[in-house]
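Take a look at the structure below.
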Amino acid sequence: MNEQQISVGIKVSLISKPPYLKTADPMPMLRPSDILDVGDEGIVMDRRPGGYWGVKFSQGTFLMESQYLGVVETQEPSHKDV
C-alpha cells in the first residue's frame with residue numbers, strides 16, 4: 001500500500017490481519033487480532049508517529065500500519081441523460 005493514497009478522513013478496509021492490534025487510546029493496549037476480520041471497513045482519524053494510522057472501526061479505534069490497509073473505492077453516482 002502506498003502511503004500517499006491514505007489520508008485522514010478516507011474509508012479504508014483491512015486487507016490482511018496484523019499479528020495483534022494496538023488500541024489508539026492515550027495508553028495503548030495490545031489486543032488479539034481476531035477482534036477485526038479481513039474486509040472490515042473503517043475511517044482514518046489521524047496520522048501517528050512511527051508510521052501508524054489511527055483508524056476507527058465499529059469494534060474500536062486502532063493504530064494500523066499502511067501494509068494492512070486498502071483504500072475503499074467510492075462509487076460516484078452515474079448521471080444518465082434521459
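Every number in this text was worked out from the coordinates using simple rules, so none of it is lab data. Being a predicted model, the structure only gives us computed values, none of them experimental. For neighbour counting, all protein chains shown are included, and Cβ atoms are generated from backbone atoms with ideal geometry for every residue, glycine included.
This model, with +1 at the C-beta of Lys and Arg and -1 at the C-beta of Asp and Glu, gives the range 30-79 a dipole about its Cα centre of some 300 debye. Of 45, 29, the sequence from fewest to most neighbouring Cβ atoms within 10 angstrom is 29, 45. When 23, 74 are sorted by how many other C-beta atoms sit within 10 angstrom of their C-beta, beginning with the fewest, the order is 74, 23. Under 9 Å from the Cβ of residue 44, count the other residues' Cβ atoms, weight Lys and Arg +1, Asp and Glu -1, and hand me the total. Result for the local shell: +2.
Pairs of lysine residues in the chain that meet both criteria, 8 or more places apart or on different chains and Cα atoms under 21 Å apart, total 4. Considering the dipole of the chain built from charges on the beta carbon (Lys and Arg +1, Asp and Glu -1) around the Cα centre, which of 15, 62, 30 is farthest to its positive end? The Cα lying farthest towards the positive end belongs to 30. What shape does the chain take by its C-alpha gyration tensor, where a ≥ b ≥ c are the square roots of the eigenvalues and a/c under 1.5 counts as rounded, a/b above b/c as prolate, and the rest as oblate? Prolate is the answer for the chain, as a/c is 1.5 or above and a/b outweighs b/c.
Here the Karplus relation 6.51 cos²θ - 1.76 cosθ + 1.60, evaluated at θ = phi - 60°, turns the backbone of the range 23-37 into coupling constants of 5, 9, 6, x, 10, x, 10, 8, 10, x, 6, 6, 5, 10, 10 Hz, with x for every Gly and Pro. Charge tally around residue 28: other residues with Cβ under 10 Å, Lys/Arg +1 each, Asp/Glu -1 each, net +2. Relative contact order of the chain, taken over Cα pairs closer than 8 Å and 6 or more residues apart, is 35 percent.
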